Every structure is written in C-alpha cells, then in structure tokens.
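Student: Structure below; questions to follow.
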Ligand SMILES: Cc1cc2nc3c(=O)[nH]c(=O)nc-3n(C[C@H](O)[C@H](O)[C@H](O)COP(=O)(O)O)c2cc1C
C-alpha cells in the first residue's frame, strides 16, 4: 500500500451523517504514517464528538470558532501552512458551496483559503443533493481551481435511498490521498543526494562541524522516491530516520562523503548536493584527547570539492547544488552556478531563526542558466516536493535539448 509517512494532514470534518466514518479515517491515516490534525465545522461537531477524534488523532481538535489562544499566534495561518494536504472528509453540500464561494465564515473555511498546499474533498450527501445543479456547479468550480475531488461512491444511503453521493470508504480516501504525493515525475531515474553536516576530527573526541540538520536533504530523498526515483542518500552524522525505500550510506568526514559520492555519481541521472560539507579539516588531527593549553593553533587544509569533481566527470549526472548564504544570496549563488558548472543551484538565506539550518521551514530561490524561481517560506517537506518537481522539469528540458542536438558532453 502507498504510504503517507511524515505527511501532515489537516482533516476537516463537516456536517454529514458520514462524519462517523471520520473516526476510522483518522485511524487509517495514522496507520499509513500521517500526522493528523482534525478541524471540525459546527455541523461536523453535531455528528461526532471532538473527544473521539482527539483520542484517535492524539491531538486537540480545533472547532468551528476562532479560538483566542490559538489565534494569539495567528494559529489558523500556521495550521494551514504546516499542512501537506488539507482533506475535507466528509465534505457536506453546504461546505462545498462555501468553499466554491471562497468564504471564510468559520475556522475550516478560513484554513482552506489560507492554505497554499493541495486541497482534496470527499463529498457525502443524499443523491438528490448531489445531483442538484447548484452542487454540481460548485464542484465544477472547485475542480477548475485544482481541488481534488475524491468520489463520491454510489449505493445505499443513510436516508434509505440508493444512488450517487455516498462518501468513499476510509481506505479508498487514504489510497487516493497517498497517490497525490506519488507523482511519477522521476519514474525509473536514479537520484543521488548528499545531506547533513560533516564532522572533521580535531582529536579523538572533538570535531569541526556546522549547524546543518540534514532535514532538507532527507525531505528531498523522500520526495524523489515519491516521484518514482531510485534514491541513494549519502548522509553525514544526523539524528534522522532513513526515509522508506531509500538506500542510505552513512559517512562522517568530507573526504568520506567525497569518496561515497564520486564512487556512484557516474551511474546516476541526477545528483543533488544538499550536504553542508566542511570546507576545511585539521591538517593533522591530534592524537588522543588533547590536553588544555594556554593557546592552541590548529592548521586547517581544504577539503576536496565534491560538486566540482562531480561536474568534471566525463559522464556526469544533472547536478544541483545548494548555496547557504547570509547575505547577497542571489549574487553568490549565480557565481557558484557558473563557477562549478552546475545545472541548477538552490539558494537559501541562513542565519535567520525562522528558516534554513535546524529549522523545519525554509524559503528557496532556485537558479539556472537563463531562469529563476522562488519557492516561498514553507515546511521543508512541501518545499522538497516543489523542488523535485522543478528539478524533474529542468532535467527533462535538458534531456530534450540533448536529444535534439545529438549526444552532449556529460549528459
Ligand atoms: C440528520 C442529518 C443528516 C445530514 N446529512 C448530510 C449529509 O450527509 N450531507 C450533507 O451535505 N448535508 C447533510 N445534512 C445537512 C448539513 O448538516 C447542514 O447543511 C449543515 O449546515 C452543514 O454544516 P457545515 O457546513 O458546518 O458542515 C444533514 C442534516 C441532518 C439533520
């Protein structure tokens, strides 16, 4: 079965008799690996108690009203921004109408408006309500805006009638939700990613390193797998679990990372260098644990340049670098793109508390020869999926050019 590991799903439950299935849906979404935040409309809370959903989701349920405590921090905006998917199941006819009109008259409707991520609805209503032109018009408008419509199914209804309008079964909704993340954009491609910091030993117990957490590289590995790629992840020392279906190779120091990447780079279609590799290492690591001294001078030497060495290979993969900068981000990144002969560079500003190193959020500026795209501030998981989509597009475009002009060096 397709998985929803690490996906943050904001589950909206609205006023339909099918709301009771929401309990099973929460359980199944969690079994598939998702983190579920339930938000209920006034109607939804008439059909099933928030307590049940709170117990099953393991999180407080947010209700229709705007809660003063959550709102002190503009809670509805952060709830919407955190979600990888907003899923409304069941979606009542009334809620679909409000959604189609772009209303923000309760918490759930406001969240749908405030979310930039994907939105899916699983309609549930009596067959007559379903076939009304008003309902069908609303659905049509929502589809045109890119809203995913799951179902409905057809069959016996709670009102005793038979026909279309039944909410799909929870397991069908889980499968359709998981399929939204499996894009197939890199089907059959081999992708190599490096991630995390490196540790450069000073003595037997101390090392030089940096604040990279590895979260962005790991999120990219997960997104690349979902896009259908065979992914190898070369990771520096991080405290992160290996994403499913990813081959992981653990290394400590830059020289090991260099060897692990260079050994494999020629067989890859795409290489994404998301690791924060130390530029320097100690020329001569001290033996044992060095004793305190009044002054200690440490001589540093340059580490090998992984990116430069990969793009210098006679048959090198489509190569994407990262540039973490504290100022003049775009200028430095453009220079690095050219200097290292990269196909793409992903620039991010670090040293700000709300993004970049160690943070769950990031904001990226992606540059390539003749183009640029900004990926606005958001959770690293979502940004990783957007970045993988962009990489797949650019990789496809370069492949097309290579085919048009005959065999190109390096591709
Ligand atoms: C017993 C009962 C069952 C209902 N079932 C449904 C339903 O399955 N689908 C639907 O769209 N509306 C149904 N309704 C009507 C909605 O609950 C009503 O439109 C409500 O205002 C929706 O609220 P919401 O938009 O806050 O979710 C039902 C109403 C009652 C009294």
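The values are calculated or read from the model by the stated rules, or taken from the named source; none is laboratory data. Remember, it's a predicted structure, so these values are computed and weren't measured experimentally. Cβ sites come from the backbone with ideal geometry, for glycine too, and all protein chains shown count toward neighbours.
Student: Mind telling me which of the residues 79, 111 ends up being at pLDDT below 95, part of a helix (DSSP H, G or I), outside the structural domain of residue 386 (by TED's automatic domain parsing) and crowded, with 23+ Cβ neighbours inside 10 Å? Give the steps one after another, and end with the answer.
Tutor: Working: 79 fails: crowded, with 23+ Cβ neighbours inside 10 Å.
Exactly one residue qualifies, and that residue is 111.
Student: Within the range 314-336, is even one residue part of a helix (DSSP H, G or I), closer than 24 Å to residue 266 by Cα and touching a strand residue (DSSP E or B) at 6+ places or on another chain (Cβ under 8 Å)?
Tutor: So in the range 314-336, the residues part of a helix (DSSP H, G or I) come out as 329-336.
From the residues that got through so far, the ones that are closer than 24 Å to residue 266 by Cα too are 336.
Those left that are additionally touching a strand residue (DSSP E or B) at 6+ places or on another chain (Cβ under 8 Å): 336.
Yes, the range 314-336 has at least one match.
Student: If we keep just the residues of the range 114-127 that are at pLDDT below 95 and either more than 11 Å from the ligand (Cβ to nearest atom) or not assigned by TED's automatic domain parsing to the domain that holds residue 20 (or both), which is nearest to residue 180 (Cα to Cα)?
Tutor: First pass over the range 114-127, keeping only residues at pLDDT below 95: 114-118, 126-127.
Now restrict to residues that are either more than 11 Å from the ligand (Cβ to nearest atom) or not assigned by TED's automatic domain parsing to the domain that holds residue 20 (or both): 114-118.
On the way: 114: 20, 115: 16, 116: 15, 117: 12, 118: 9 Å.
Only one residue fits best here, namely 118.
Student: Follow-up. Of all residues in the range 5-26, count the ones that are within 12 Å of the ligand (Cβ to nearest atom) and outside any helix (DSSP H, G or I).
Tutor: Final tally of qualifying residues: 5.
Student: Look at residue 158 and say whether it is outside any strand (DSSP E or B), under 18 Å from the mean Cα position of the chain (by Cα) and either crowded, with 22+ Cβ neighbours inside 10 Å or within 16 Å of the ligand (Cβ to nearest atom) (or both).
Tutor: no
Student: What residue, of 101, 140, is surrounded by fewer than 17 Cβ atoms within 10 Å (Cβ to Cβ) and within 16 Å of the ligand (Cβ to nearest atom)? Before the answer, list the steps.
Tutor: Values: 140 fails: within 16 Å of the ligand (Cβ to nearest atom).
Exactly one residue qualifies, and that residue is 101.
Student: Looking at (1) in contact with a helix residue (DSSP H, G or I) (Cβ under 9 Å, 6 or more places away or on another chain); (2) crowded, with 18+ Cβ neighbours inside 10 Å; (3) not in a strand (DSSP E or B), find the lone condition where residue 171 falls short.
Tutor: The one condition residue 171 does not meet is (2).
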